[in-house]
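Have a look at the structure below, then the notes.
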Amino acid sequence: MAQTIQELLAIKPSGNSQKTQYVDTVEAYDKWAEVYDTDGNFLQRLDTIEMRTLLPQFIDRVSKRFQPSPQETETTTTHASLVDLGCGTGRNTIELLSALSTAKKANHFSVIGLDASRGMLDVARTATHEYGAKSAAQTPVELGILDLLQPELSKTQLPSSLAGPGAVAVFAAAAGIMRAGAYLLVTNMHAEMGMRSQAGFTDERGVKVRPTSYCHAISDVLDAAAEAGFEVEEVVGAGADGVLVRGVDEQLGDVLGARAKKWVGVRVWFGVCFVKRN
């Protein structure tokens, strides 16, 4: 059984005297939602930077494989779905909408954001609504609950639009709602950072609130993906294994802010694109 990050960190205490409270994952993210995008998390900033390079490649590949013909476009009002699974506050949902608009594909797809936290979804709902009003976005957006920690509920929680042949692209390891040939773009904290830190925030009492979280090595992610029926799809800048890895150097630290400075020399992020085998 995989150890949680808090179990790994307990082996080597940090000496930090700040009071820490460990709570259920969904409860933690419900509490975190209000300040999630504004509490200075540099890993989110880095993920956004990388997504602005990855998403155009992703959309191009999805469009070439699944874009409807002119005849189909004229005769149907349904759209292939791009799913942001674990959408949180909608940060990457909005990046996806923006990338679709830039690629002039805004009316070719629908976007579905799914998350286990109702608090996060409330923030995402406001954010995507404001983005749509400001940009006059043409892409239909639907948000809904999906808790992959409770697999027995997952199928019943899926939006009706995913009840058919599956989504074209899903931002998480959820092969059950993807059609064959669909693309899966995954980004996460690198294990080198995960062995030293974990997700969490400081609440209004000054208490550090942490959800249960896990440290996954890239090799474990690749093995799990292969077992679920995925193959690595090459992306620009990836290593020999097809994985993009980012560490913090002095220059990137200046871009990401003060909290990134202590991570100079550490690999903190990775990204990989998969395709679902037939």
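Yes/no per residue for (1) at positive phi; (2) surrounded by 20 or more Cβ atoms within 10 Å (Cβ to Cβ); (3) hydrophobic (A, V, I, L, M, F, W, C):
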residue: 186; (1), (2), (3): no, no, yes
residue: 195; (1), (2), (3): no, no, yes
residue: 203; (1), (2), (3): no, no, no
residue: 206; (1), (2), (3): yes, no, no
residue: 227; (1), (2), (3): no, no, no
residue: 230; (1), (2), (3): no, yes, yes
residue: 233; (1), (2), (3): no, no, no
residue: 247; (1), (2), (3): no, no, no
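This table checks each residue for (1) over 30 Å from residue 176 (Cα atoms); (2) touching an Asp or Glu at 6+ places or on another chain (Cβ under 7 Å); (3) among the acidic types (Asp, Glu).
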| position | (1), (2), (3) |
| --- | --- |
| 228 | no, no, no |
| 233 | no, no, yes |
| 248 | yes, no, no |
| 254 | yes, no, yes |
| 259 | yes, no, no |
| 264 | yes, yes, no |
| 267 | yes, yes, no |
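When residue 137 is tested against (1) at pLDDT 95 or above; (2) crowded, with 17+ Cβ neighbours inside 10 Å, exactly one condition is not met: (1).
For (1) β-branched (Val, Ile, Thr); (2) touching a strand residue (DSSP E or B) at 6+ places or on another chain (Cβ under 9 Å), each residue gets a yes or a no:
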| residue | (1), (2) |
| --- | --- |
| 184 | no, yes |
| 190 | no, yes |
| 200 | no, yes |
| 204 | no, no |
| 232 | yes, yes |
| 238 | no, yes |
| 243 | yes, yes |
| 255 | yes, no |
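Residue count for the stretch 91-135 under the criterion of being assigned to a loop (DSSP other than H, G, I, E, B) and of a type in the set (Ser, Thr, Tyr): the result is 1. Taking the criterion of being under 18 Å from residue 107 (Cβ atoms) and either touching a residue at least 12 places away in the same chain (Cβ under 8 Å) or under 22 Å from the mean Cα position of the chain (by Cα) (or both), the residues of the stretch 123-140 that qualify are 128, 131, 132, 135, 137, 138, 139, 140. On the stretch given as the stretch 198-219, residues that are modelled with pLDDT of 85 or more and outside any loop (DSSP other than H, G, I, E, B) total 8.
The values are calculated or read from the model by the stated rules, or taken from the named source; none is laboratory data. Remember, it's a predicted structure, so these values are computed and weren't measured experimentally. In this analysis, Cβ positions are derived from the backbone assuming ideal geometry, glycine residues included, and neighbour counts consider all displayed protein chains.
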